[in-house]
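Taking it in order: structure first as structure tokens, then the write-up.
The values are calculated or read from the model by the stated rules, or taken from the named source; none is laboratory data. Keep in mind it's a predicted model, so treat the numbers as computed, not measured. Neighbour counts run over all protein chains shown; Cβ positions are idealised from the backbone, glycine included. In case anyone asks, the SASA skips ligands and DNA or RNA and just uses the protein heavy atoms, side chains included. Shrake-Rupley method; radii C 1.70, N 1.55, O 1.52, S 1.80 Å.
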Amino acid sequence: MGVKIVDTCLRDGHQSLFATRMTTPEVLSALEELDKVGYYALEVWGGATFDACIRFLNEDPWDRLRAIRKACPNTKLQMLFRGQNILGYKHYADDVVDKFVEKSIENGIDIIRIFDALNDIRNLKCAVDSTNKYKKVFGRGHCQIALSYTTSPVHTVDYYVELAKEIEAMGADSLCIKDMAGVLLPTDAYELVSKLKANTKLPIELHSHCTAGIAEMTYMKAIEAGVDIIDTALSPISGGTSQPPTESFQYALAGTKYDPHLDVKLMEKAAVKMTKVKDKYLENGMLNPKALTSNPSILKYQVPGGMLSNLMSQLKNQGAMDKYEEVLKEVPRVRKDLGYPPLVTPLSQMVGTQAVMNVMTGERYKMIPKEIGEYVRGLYGRTPAPVDPDILKKILNGNNDEIITHRPADDLAPQFESFKEKYKDLVKSDEDVLTCALFENVAVKFLENKYKLNEEKEEPVEINLYIG
Ligand code: CO
């Protein structure tokens, strides 16, 4: 059978290397080849791609999805879905989650990879149930749950195995180990994959990043332990803070029992096109050559690459780059105080901001971002370990009764119809309503612009499939 490959160059690859700026024509430029390579799936959509489309590219992410679907009749399309946060940064009511799942599958997604930053499975349940529901409606769809991988005294192999059993019982079709920081060590991967295989029947996928320089070794050990699927990126969009290069795995595993059976010639053709795309972002400065080199010190601080660059720009803005080391050391301390949240959106940004504030004010927790206050009150879900009691006291400031222990979205009444009403003068479809629900002002500005443009031009803009 061999190991299956999901190529991430059209989502995580450019998200990790050049801030998700690849345009739809660039995405489409290599799809004729990519669609026939023999991948298990192409990862093409997620929170950052959606956000960057409307915020920076003036493109409709739903149009992009439909265009990819049309250009990709042979390969499954995968998206990343932040559980109850959908593609946004806060919790939404169940009816909005349900509608987003419905529209994602209807517009072309096959595999929905659902994760929760805190691995609180209550935050996954609605998205899982909706995916399973629309799978039947559309006769297409696959529900994958991703475990946010991190290291801490509570995040043991047993912790992940127990979580995996619950996930299997919830109705997932497959399970992904989502190592967003690229800190999963080869021997740990071997043990984790072996035990997950022994304790569940679910196909196991591994997603890591080359940030620390160990991902290829980790993938190989995971393959030996029986991992079913690995996430790699076509070579021009691989390495550094992105995924390991797809072609290398094809060469390394060819002729073995793990042979992925991908078409090397087609990948070469696609790589020529993607190299042009990458060169553009190198030239315009969006791709920092630093992002292409590995950074083993990640293993010391356990901080994802994307978070490092965020911290750097926060400190640069405040003219405090000399505090960089100190902030990096503060991040693991904040994580410990807060019960070891995995550093993935939105927790990575929140923990990073708290660490910067702790260092810049010279007094820990003198200033507390609103979101951290909400986090310790349970508004994001259950923390992996209890929050440090002293820190909790300081943050709550005597208001202990504000802590909730139920699922945060239980407090939210249905929202979809009220969003529809709120944006009725602007929206032309349920997809537009969802865009507005998730990205509010940014979405409003984008849609105003979009519909004004269309009035002026009359003819819809035809997307050119082949650039340059
Ligand atoms: Co990733």
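What relative contact order, as a whole-number percentage, does segment 4-283 give when Cα pairs under 8 Å and 6 or more residues apart are counted? Display every interim value, and only then the final one.
On the way: 547 pairs, mean separation 54.3, N = 280.
RCO, segment 4-283: 19 percent.
Taking only the Cα atoms of segment 162-281, the radius of gyration and Dmax are 15.4, 46 Å. Debye-formula intensities of segment 366-448, expressed as log10 I(q)/I(0) at q = 0.11, 0.12, 0.18, 0.25 Å⁻¹, are -0.48, -0.55, -0.81, -1.09 (one equal scatterer per alpha-carbon, no solvent). Segment Thr256..Lys428, full-extension length gain: 56.7 nm, with 0.36 nm per residue of separation and the alpha-carbon distance subtracted.
Can you pick out the pairs among Lys90/Lys420; Lys103/Lys135; Lys280/Lys323 whose Cα atoms lie more than 21 Å from each other? Beyond 21 Å between Cα atoms: Lys280/Lys323. Element breakdown for the chain at a 1.4 angstrom probe: carbon and sulfur atoms account for 52% of the accessible area.
The modelled label-to-label distance for the pair Ser309/Phe56, using points 7 Å beyond Cα in the direction of Cβ, is 0.8 nm. The relative contact order of segment 348-396 comes to 30 percent, based on Cα pairs under 8 Å that sit 6 or more residues apart. Applying 0.36 nm per residue to the separation of Met321 and His406 and subtracting their alpha-carbon distance, the gain on full extension is 26.5 nm. In the chain, Cα pairs under 8 Å separated by at least six residues give a relative contact order of 18 percent.
With kT/(6 pi eta Rh) evaluated at 25 °C and eta = 0.890 mPa s, and Rh the Kirkwood radius from Cα pairs, segment 418-458 diffuses with a coefficient of 241 µm²/s according to Stokes-Einstein. Across the chain, Cα-Cα pairs more than 33 Å apart make up 35 percent of the total.
Counting helices only, and only those DSSP H runs with n ≥ 4, report the 222 nm mean residue ellipticity of the chain as the sum of -39,500 (n - 2.57) divided by its residues, in deg cm²/dmol to the nearest 500.
Mean residue ellipticity, 222 nm, calculated: -14500 deg cm²/dmol.
Put the Cα centre of segment 241-272 next to the Cα centre of segment 112-186 and the gap is 27 Å. At an R0 of 41 angstrom, the distance between the Cβ atoms of Met1 and Glu421 translates into a FRET efficiency of 0.20. Treating each Cα of segment 4-283 as one equal point scatterer and applying the Debye formula with no solvent, the log10 of I(q)/I(0) at q = 0.08, 0.10, 0.12 Å⁻¹ comes out as -0.30, -0.47, -0.70. For Leu234, the residues 5 or more places off, or on other chains, whose built amide H falls under 5 Å of its own are Thr8, Cys9, Thr246. Rounded to two decimals, the Cα-based Rg/Rh of segment 289-409, with Kirkwood Rh, is 0.99. Our coupling estimate for segment 329-346, obtained by passing each phi through the Karplus curve with A = 6.51, B = -1.76, C = 1.60 and θ = phi - 60°, is 6, 6, 4, x, 5, 5, 4, 4, 4, 8, x, 6, x, x, 8, 9, 3, x Hz, Gly and Pro reported as x. Proximity of backbone amide H atoms, modeled 1.01 Å from N, is registered between Lys76 and Leu42 at under 5 Å, excluding neighbours fewer than 5 places apart on the same chain. Between Lys366 and Asn397, the simple label model (points 7 Å from Cα in the Cβ direction) yields a spacing of 1.6 nm. Each residue was assigned an accessible area with a 1.4 Å probe, and for His14 the value is about 0 Å². Placing a pseudo-label 7 Å from each Cα along the Cα-to-Cβ vector at Lys136 and Ser248 gives an inter-label distance of 4.5 nm. Between Lys36 and Ser297, the FRET efficiency from the beta-carbon distance, with R0 = 35 Å, is close to 0.30. In the full protein context, segment 4-283 carries 31 Å² of accessible surface per residue, based on a 1.4 Å probe and ignoring ligands, DNA and RNA.
Loop-located trypsin sites (Lys or Arg not before Pro) in segment 357-443 (DSSP state other than H, G, I, E, B) with a sparse environment of at most 12 neighbouring Cβ atoms within 10 Å: Lys366, Lys424, Lys428.
Give the ranking of Lys103, Lys133, Lys276 by solvent-accessible surface, highest area first, calculated with a 1.4 Å probe.
Solvent-accessible surface, decreasing: Lys276, Lys133, Lys103.
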